[in-house]
Amino acid sequence: MAETTTTATTTNTATKNLVITFGEMLIDFVPTVSGVSLAESPGFLKAPGGAPANVAIAVSRMGGAAAFVGKLGDDEFGRMLAGILTENGVGDGGIRFDKKARTALAFVTLKSDGEREFMFYRNPSADMLLRPDELNLPLIRQAKVFHYGSISLIVEPCRSAHLKAMDEAKAAGALLSYDPNLRLPLWPSAEEARKQIMSIWDKAEVIKVSDNELEFLTGNTDIGDATAMSLWHPNLKLLLVTLGDHGCRYYTKNFRGSVEAFEVKAVDTTGAGDSFTGALLSKIVDDHSIIEDEPRLREVLKFANACGAITTTKKGAIPALPTEAETVEFMKNDS
């Protein structure tokens with residue numbers, strides 16, 4: 001059993017409705033030159049990342065209250081990442097450190113169109129080793145929104161910790177938000193990825209998938225409304241399909257539609273979906289009824305699309321996440 005410690009920082013998130021994100025945080029190494037392979041890159045920029053952590057910081061940048069639950073290595077990178085969370089106003093009461101496992105690393109190749117390919121170093125990394133008994137349950141029960149991905153489902157003990165945290169949050173009244181964040185190189189097989197991603201599908205009330213994930217999960221290359229609705233389940237309140245530079249589509253029990261994207265010159269798409277999700281959650285955490293009000297939901301999704309677009313204009317995920325003021329200014333200049 002690995003030794004763990006907790007951080008001592010006390011970021012105050014008690015005064016606002018809280019978004020808690022669960023899962024991995026890691027270091028992304030991004031090539032200094034776009035459009036080359038890892039082997040061809042002359043150098044790399046170190047950038048903090050990990051989808052759940054990105055979402056937590058995105059919420060905080062929007063002025064919301066966020067906390068992160070996960071495990072980092074008790075190493076220089078792990079301490080640096082914990083510091084980045086607290087510097088960005090994210091509560092760290094759910095973080096544990098592992099003295100025997102390293103913080104995860106990912107090398108991210110940027111193709112000429114800004115899209116990414118990944119090479120991960122996790123053998124195992126600390127995030128994979130979070131145990132159910134290490135969860136800060138009082139913190140988790142404070143969540144108004146509990147957000148998670150699928151990478152934490154890949155191996156034990158983190159899978160069991162994920163399931164327990166999700167169940168505790170739900171029992172305490174949280175809205176469950178799920179972004180599968182498919183990373184096939186991390187899974188034993190595509191079949192296992194699909195099976196485990198879908199194993200918790202019917203728990204979530206808000207689900208965001210990319211167009212590629214929609215195709216992967218359904219096996220259907222026609223990713224229209226019928227394909228999206230094949231993923232609907234009775235507990236679901238909002239299904240979102242992000243379409244990159246084509247915006248997003250939304251589906252609820254009573255209405256559906258699409259919201260156009262903002263046109264920008266993409267440099268790096270890393271974190272764009274997390275920025276979108278963080279913006280959405282920061283707007284609905286105080287008023288879940290927005291999901292059932294199409295005009296208000298469309299406004300929120302337009303704002304989320306703007307956040308995603310801004311994030312693609314810089315390298316790295318967390319460094320590129322915009323503030324609410326930056327997003328408002330961007331939308332004003334675009335109109």
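Listed here are the residues, each with its yes/no results for (1) open to solvent by 40 Å² or more (accessible area, probe 1.4 Å); (2) modelled with pLDDT of 95 or more.
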{"position": "G149", "(1), (2)": "no, yes"}
{"position": "S152", "(1), (2)": "no, yes"}
{"position": "S160", "(1), (2)": "yes, yes"}
{"position": "K164", "(1), (2)": "yes, yes"}
{"position": "L184", "(1), (2)": "yes, no"}
*asked:* Every residue in segment 96-110 that is of a type in the set (V, I, T) and touching a helix residue (DSSP H, G or I) at 6+ places or on another chain (Cβ under 7 Å), please.
replied: T103
*asked:* Condition (residue is of a type in the set (G, A, S), modelled with pLDDT of 95 or more, closer than 16 Å to L240 by Cβ and out of contact with any Leu (no Cβ under 6 Å at 6 or more places or on another chain)) applied to segment 189-199: is it met by at least one residue?
replied: no
*Matching residues in segment 114-145 - criterion: being open to solvent by 90 Å² or more (accessible area, probe 1.4 Å), farther than 19 Å from L72 by Cα and at pLDDT below 90*: E117
_Contacts under 6 angstrom Cβ, first residue in segment 223-249 being open to solvent by 20 Å² or more (accessible area, probe 1.4 Å), partner outside any loop (DSSP other than H, G, I, E, B) and charged (D, E, K, R), 6 or more apart_ = I223/D211; I223/E215; N235/D202; L243/D211
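With at pLDDT 95 or above and at positive phi as the only criterion, which of G78, G89, G83 stands out? Spell out how you get there, then give the answer.
Details: G78 fails: at positive phi; G83 fails: at positive phi.
The conditions single out G89.
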*How about segment 1-53: which strands (runs of 3 or more DSSP E) wholly inside it have at least 3 residues that are modelled with pLDDT of 75 or more and open to solvent by 30 Å² or more (accessible area, probe 1.4 Å)?*
44-49
*Would you mind telling me which numbered condition in (1) assigned to a loop (DSSP other than H, G, I, E, B); (2) closer than 21 Å to S275 by Cβ; (3) not aromatic (F, W, Y) V108 fails?*
(1)
*Go through segment 169-182 and give me each residue that's within 25 Å of K16 (Cβ to Cβ) and open to solvent by less than 40 Å² (accessible area, probe 1.4 Å).*
A169, A174, L175, L176, S177, Y178, D179
*Filter segment 285-300 down to residues that are more than 16 Å from the chain's Cα centre (by Cα), open to solvent by less than 20 Å² (accessible area, probe 1.4 Å) and touching a residue at least 24 places away in the same chain (Cβ under 8 Å) and give me whichever is farthest from A174 (Cα to Cα).*
L297
*Take the residues of segment 54-83 that are more than 16 Å from the chain's Cα centre (by Cα) and open to solvent by less than 30 Å² (accessible area, probe 1.4 Å): which is nearest to N181 (Cα to Cα)?*
L72
*Quick one: in segment 279-301, of everything that is of a type in the set (D, E) and outside any helix (DSSP H, G or I), which residue is farthest from R61 (Cα to Cα)?*
D293
*Any idea which residue in segment 84-95 is surrounded by the fewest Cβ atoms within 10 Å (Cβ to Cβ), counting only those that are part of a helix (DSSP H, G or I) and touching a helix residue (DSSP H, G or I) at 6+ places or on another chain (Cβ under 8 Å)?*
I84
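The values are calculated or read from the model by the stated rules, or taken from the named source; none is laboratory data. Note that the coordinates shown come from a computational prediction; the quantities given were computed from them, not determined experimentally. For neighbour counting, all protein chains shown are included, and Cβ atoms are generated from backbone atoms with ideal geometry for every residue, glycine included. Remember, those area values only see protein heavy atoms, side chains included, never the ligands or the DNA or RNA. Shrake-Rupley method; radii C 1.70, N 1.55, O 1.52, S 1.80 Å.
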